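What follows is one structure encoded as structure tokens, with my remarks underneath.
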Amino acid sequence: MLDRVHPWGAPVRRALAKDVTARLARDPWEIDAYYRVRRAIFADEQELFESSDVDAEDARATPIVALSHIAGMPDEVVGVVRIYETEPNVWFGGRLGVCREYRRRGAVGGALIVTAVSSAHAWGCRRFFATVQQQNVRYFEHHHFRALEAISIRDRPHQLMEADLASFPPCPRALAARGERAA
């Protein structure tokens, strides 16, 4: 967690929030934090990109965020993922990342996966794929994905994986959100 400063100037180390939820990013602060978290994980920490991991898929992708809560109110973005349709009824998820402080709390990544796949499923997805870094394959297998083939992305080993859609019922909130975006 980032230190915050009391009004009198003393830094404060906050405890990790116990309540974390995932949802489609909707507020400007969530979108800004979504890109900051991605940059921190994929450019700064993993050095997969020089300064930014933004690419052409972001123009059509739906960002999803995991939010920590304090006193029942969203406080900060602690995880991210994006989903996008590549052809009719075929969706991809990618750029799933969890802030370092929250990685040992397996629920954050799981909440992002469930929200991503069940949202796409609600929007007509018949096949959902993800490219997963090799060290995370078992985690995704635990979350109802199966490995299809080994691939290399940015000179790092990955697996192309497919979700078992039967394990991810369509999300009613995603249907409502899609209707709001269309209006």
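Bear in mind these aren't lab numbers, they're just calculated from the coordinates by the rules spelled out. What you are looking at is a predicted structure, and each value in this text was computed from that prediction instead of being measured. All Cβ positions, even for glycine, are placed from backbone atoms using ideal geometry, and neighbour counts span all protein chains on display.
Between 117, 132, 90, the GNM of the chain built on Cα springs shorter than 10 angstrom shows 90 fluctuating the most. All alpha carbon pair distances within segment 17-182 were sorted into 10 Å bins beginning at 0; the resulting P(r) in whole percents reads 10, 41, 39, 10, 0. Mean separation of Cα pairs under 8 Å and 6 or more residues apart, divided by the residue count, gives the chain a relative contact order of 17 percent.
Amide H contacts of residue 76 (H built 1.01 Å from N, in plane; Pro and chain starts excluded): 68 sit under 5 Å, all sequence-distant by 5 or more or on other chains.
Among 87, 45, a tally of other beta-carbon atoms within 10 Å of each Cβ gives an order, fewest to most, of 87, 45. Taking other C-beta atoms within 10 angstrom as a stand-in for reagent exposure, 129, 49 fall in the order 49, 129, fewest first.
Taking amide hydrogens as placed 1.01 Å from N in the peptide plane, the amide H of residue 22 sits under 5 Å from those of 67, each at least 5 positions away in sequence or on another chain. Each residue in 119, 68 was given a count of other beta-carbon atoms within 10 angstrom of its own, and listing them fewest first yields 68, 119.
Rounded, prolate or oblate for segment 62-116? Axes are the square roots of the Cα gyration tensor eigenvalues, ordered a ≥ b ≥ c, and the cut-off for rounded is a/c under 1.5.
Taking the square roots of the gyration eigenvalues as a ≥ b ≥ c, segment 62-116 is prolate.
3J(HN,Hα) along segment 117-127, derived from phi through the Karplus expression 6.51 cos²θ - 1.76 cosθ + 1.60 where θ = phi - 60°, amounts to 6, 5, 5, 4, 4, 5, 8, x, 4, 10, 9 Hz, with x in place of Gly and Pro. Cα centroids of segment 84-103 and segment 125-165: 11 Å apart. The longest stretch of the chain left intact once loop-based trypsin sites (Lys or Arg not before Pro) with at most 14 other Cβ atoms within 10 Å are removed from consideration, loops following DSSP, is 61-102.
Below 11 angstrom from the Cβ of residue 86, what's the summed charge of the other residues (Lys, Arg +1; Asp, Glu -1)?
-1
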